[in-house]
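Novice: Once you've had a glance at the structure underneath, I'll fire off some questions.
All of the numbers you see were taken from the coordinates with simple rules; none came from a lab. It should be emphasised that the depicted structure is a prediction, and the values quoted were computed from it without experimental measurement. Note that each Cβ is placed from the backbone with ideal geometry, even for glycine, and that neighbours are counted across all protein chains shown.
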Amino acid sequence: MLTWIDWLMILAYFGVLAGVVMFSLKKNKIESGEDLFLGGRSVGWLAIGASIFAANIGSEHLIGLAGSGAAAGLSQAHWELHAWVLVMMSWVFLPFYYKSGVSTMPEFLERRFGARARWILSLVSLAAYVLTKISVTVFAGALFFEVMMPEVQLTIGGTTITSFWIGAIATVILAGVYSSIGGLSAVVYTDLVQTGIILAGTLSVTAFALYHLGHSGVALADGSTAQSITDGWAVLKQTIKSTGNVEQFGLWHSLTHKAFPWLGVAIASATIGVWYWCTDQFIIQRTLAAKNLTNARRGAIWGGALKLCPVFLFLVPGMLGFALHHNHVNIPGLGQFAIPLKAAADGSMVLNGDTVFPTLVQSLLPVGFRGLVVAGMIAALMSSLASLFNSVSTLFTVDVYQKLKPETSPRKLVTIGRTTTVVMTALGLLWLPIMKAISGGGLYQYIQAVQSFLAPPIVAVFVMGLLWKRMNLRGATWGLSLGFILGMAKLAANAIWGGADGYALIQDFYFSGILLAISICIVVVASLTAPAPAEVNLKGLNFHCLDAEFKKENRESWNWIDVVSSCIVVGLVICAYAYFWTWLD
């Protein structure tokens, strides 16, 4: 139950949010599509990096990733150590995007190949945003409200509306309002504030979980008992070993592992990483709002540094929750810590992963801190939703509406963009009941599985387009179309036969690698059956067609600070892998 102090913290968050939105509106007036969708291309690197992080860290991380940590340990860490992909994006992909002056990724494909490629990617992206990102984010946030604030209910005409629906609808509407009114500028500057709230809130969960586990009095291997916060980590490792979960909670699994075979995970996580961080409108749009290429690159590198945090902010608390539950740790004033259970497919009772994080917040945090974490949760939910709404409205307005009606005035485009946000909000809410019915297998694992079917053809087209100048419109069209059809066929098969828990001819993550190889083959064969594009049309759009001006401007956009920062981020990723590779030995 939240106290008045917790509610005061939450109200303070909304007060700060309103102030930031007003500041951004005064700073950047919305008079054209570029103002609404790209913040007038005036954003600095600090805000860009924070916005990348806040946009990525949605409520599905707090709910789904913590649940995955409690059920499968570090299995999902490969998707959360993608800081190296952001560094690669900043050096390899970003110069082409920024120098081309485009507003969207489909627009870049049109520059490189032709209008047909733009249409395909636009429609696929819009469908994917509504069916996965918007609905998953809202669903995860609503679950958090259901556990944290069960007392919040509303009765209308004899019908009781629970906190699940109240939380979902309220945050969706609020995020939609400030996204549509303030545009990307409001989204980016509120993300800067919300990043701090998210970090403070989730770090407090990790700290209190370690504290209670470290003071649990559990007998350690050396004969002593856990009496300090530093003992918490030792208790966690000891609990994993004593319960026989070393292989399950490890970073890597065998090739025959049902859910996370190491080769499939390595290929699928890298493929999804390149798609999400290097080609997806949701992320790239933030870098395109930068003042210049220098700020765009530094913002991406700063976002990469922040991306190192989720393993310790979400996965580790989930594992600590598992240890607290298994050791029946007594929480002063609240009693024994216990995570709710649910029935597995075989009828046994297992931890309900999607309730792990809310249970940690409800059980461990003192008054005030609980309100801070709820504010952080709301921040994560709203920042992701606002970013999604802005990206979706950009895609529809620029890549669909403006293409159909190129004579539309700048002010009319702003109206269309805001209307699109309202429509996407409604569609996301309509999909929510379906999402609630099909997410029983673990929210975060569901997300990664679906993305592993969507990402490969898009990655194949973007990467081949930059590296191979012989690639043409036919290659892009067939690669995107057939790849998408194959991915959706696999998704349909999983829905019918139960995926990894039922009949699966090809394991999901292995399928991702196979689909990537097939998509590349389709691109190559289709491209070779049509004439090569004229090199004059590839200027600044392919590595083999860069003129002296492009190279000069790109070189002037970075210095030793960017190089050293990139090396530090990549080095920290290597250190994380080195530690967790053998941490349970």
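Novice: When you go through 473, 572 one by one, which is the residue that is under 19 Å from residue 121 (Cα atoms) and among the hydrophobic types (A, V, I, L, M, F, W, C)? Before the answer, list the steps.
Specialist: Working: 572 fails: under 19 Å from residue 121 (Cα atoms).
None of the others qualify; the one that does is 473.
Novice: Quick check on my filter: what residues within the stretch 241-286 are farther than 27 Å from residue 104 by Cα, of a type in the set (Phe, Trp, Tyr) and not in a loop (DSSP other than H, G, I, E, B)?
Specialist: 249, 262
Novice: Quick one: residue 571 ticks every box in (1) in contact (Cβ under 8 Å) with a residue 60 or more places away in the chain; (2) within 24 Å of the chain's Cα centre (by Cα) except a single one, so which number is it?
Specialist: Condition not satisfied by residue 571: (1).
Novice: Can you pull out every residue in the stretch 545-560 that is out of contact with any Gly (no Cβ under 9 Å at 6 or more places or on another chain), hydrophobic (A, V, I, L, M, F, W, C) and without any contact (Cβ under 8 Å) to a residue 12 or more places away in the chain?
Specialist: 548, 560 - these are the residues of the stretch 545-560 that are out of contact with any Gly (no Cβ under 9 Å at 6 or more places or on another chain), hydrophobic (A, V, I, L, M, F, W, C) and without any contact (Cβ under 8 Å) to a residue 12 or more places away in the chain.
Yes/no per residue for (1) free of Cβ contacts under 8 Å to residues at least 40 places away in the same chain; (2) in contact with a Leu (Cβ under 9 Å, 6 or more places away or on another chain); (3) of a type outside the set (S, T, N, Q):
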residue	(1), (2), (3)
261	no, yes, yes
278	no, yes, yes
287	no, yes, no
294	no, no, no
